[in-house]
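The values are calculated or read from the model by the stated rules, or taken from the named source; none is laboratory data. On a predicted model such as this, the values are computed, not experimentally measured, just so you know. Note that each Cβ is placed from the backbone with ideal geometry, even for glycine, and that neighbours are counted across all protein chains shown.
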Amino acid sequence: MGKVLVVYYSLTGNTKMIAETIVEAINSDVLELKPVKELDAESGMRYFWGGFQATMKKKPKLEEFDINPLGYNLIILGTPVWAWTFSPPIRSFLKKYDLTKKNIALWVCAQGDGIKAMDRFKDALKDANIIGEVRFQEPKQNTPENAKERAVVWANEIIQKINN
Ligand SMILES: Cc1cc2nc3c(=O)[nH]c(=O)nc-3n(C[C@H](O)[C@H](O)[C@H](O)COP(=O)(O)O)c2cc1C
């Protein structure tokens, strides 16, 4: 199967919950992206500043990490939806690594349906080999057990595709 890496960003824990569920289910490596300057997750202003960053396609500086994502056979990428698109830390990640022809699977967490954001996410990765996608609606608040189960089923489907 080769090596699998889960890469994600999460401000308020939804994307993190899904990431941890997938990592446990398929026993992959994991990389949590952390911007050097993080928003205050408790502040109402986060919508304003986060929305601004996302709309302006900002690429915040990330804290350093010593994993090389290009050494993996499959990267499963997860993000919250910010202003109808993927989050700025993910944009920083996509700028840093050329994922052309890489096997990629995508998930988003959103308050709404996340459809538009998923389209934009896929568009940003159009040179990659996208083998799976899934959307979650506030999984931490809404029926977390159900969301975790969907995540496990989805992750296993992706692994099967890679193996075939
Ligand atoms: C700055 C900001 C902008 C957001 N914009 C949207 C949006 O456009 N559409 C949407 O459905 N949800 C939006 N949300 C809600 C988040 O996508 C949702 O709460 C998600 O589950 C958060 O993931 P996290 O807990 O991993 O950070 C926004 C949240 C923030 C903080």
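Applying the criterion of being among the hydrophobic types (A, V, I, L, M, F, W, C) and in contact with a Phe, Trp or Tyr (Cβ under 8 Å, 6 or more places away or on another chain) to the residues of segment 107-129, the residue that is surrounded by the fewest Cβ atoms within 10 Å (Cβ to Cβ) is ALA124.
Does segment 5-25 contain any residue that is more than 14 Å from the ligand (Cβ to nearest atom), in contact (Cβ under 8 Å) with a residue 24 or more places away in the chain and in contact with an Asp or Glu (Cβ under 9 Å, 6 or more places away or on another chain)? Within segment 5-25, one or more residues are more than 14 Å from the ligand (Cβ to nearest atom), in contact (Cβ under 8 Å) with a residue 24 or more places away in the chain and in contact with an Asp or Glu (Cβ under 9 Å, 6 or more places away or on another chain). Taking segment 136-149, which residues are surrounded by fewer than 18 Cβ atoms within 10 Å (Cβ to Cβ) and either farther than 16 Å from ALA19 by Cβ or within 16 Å of the ligand (Cβ to nearest atom) (or both)? Matches in segment 136-149: GLN137, GLU138, LYS140, GLN141, ASN142, THR143, PRO144, GLU145, ASN146. Here the helices (runs of 4 or more DSSP H) wholly within segment 1-105 that include at least 1 residues being more than 23 Å from GLN137 (Cα to Cα) are 88-96. Provide a single number: the residues in segment 36-59 that are of a type outside the set (A, V, I, L, M, F, W, C), within 10 Å of the ligand (Cβ to nearest atom) and surrounded by 13 or more Cβ atoms within 10 Å (Cβ to Cβ). The number of residues fulfilling the criteria is 5.
When restricted to residues that are among the basic types (Lys, Arg) and within 20 Å of LEU39 (Cα to Cα), segment 83-100 contains 1. Looking at LEU77, LEU62, LEU33, LEU99, just one residue is away from the ligand (no atom under 14 Å from the Cβ) and within 26 Å of ASN156 (Cβ to Cβ), and that residue is LEU99. Of the residues VAL6, VAL30, which single one is at pLDDT 95 or above, crowded, with 19+ Cβ neighbours inside 10 Å and in contact with a strand residue (DSSP E or B) (Cβ under 8 Å, 6 or more places away or on another chain)? Exactly one residue qualifies, and that residue is VAL6.
Yes or no, residue by residue, for (1) within 14 Å of the chain's Cα centre (by Cα); (2) touching a residue at least 60 places away in the same chain (Cβ under 8 Å); (3) within 17 Å of VAL7 (Cβ to Cβ):
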residue: LEU94; (1), (2), (3): yes, no, yes
residue: ASP98; (1), (2), (3): no, no, yes
residue: ALA105; (1), (2), (3): yes, no, yes
residue: LEU125; (1), (2), (3): yes, no, yes
residue: ALA128; (1), (2), (3): no, no, yes
residue: GLU133; (1), (2), (3): yes, no, yes
residue: ASN142; (1), (2), (3): no, no, no
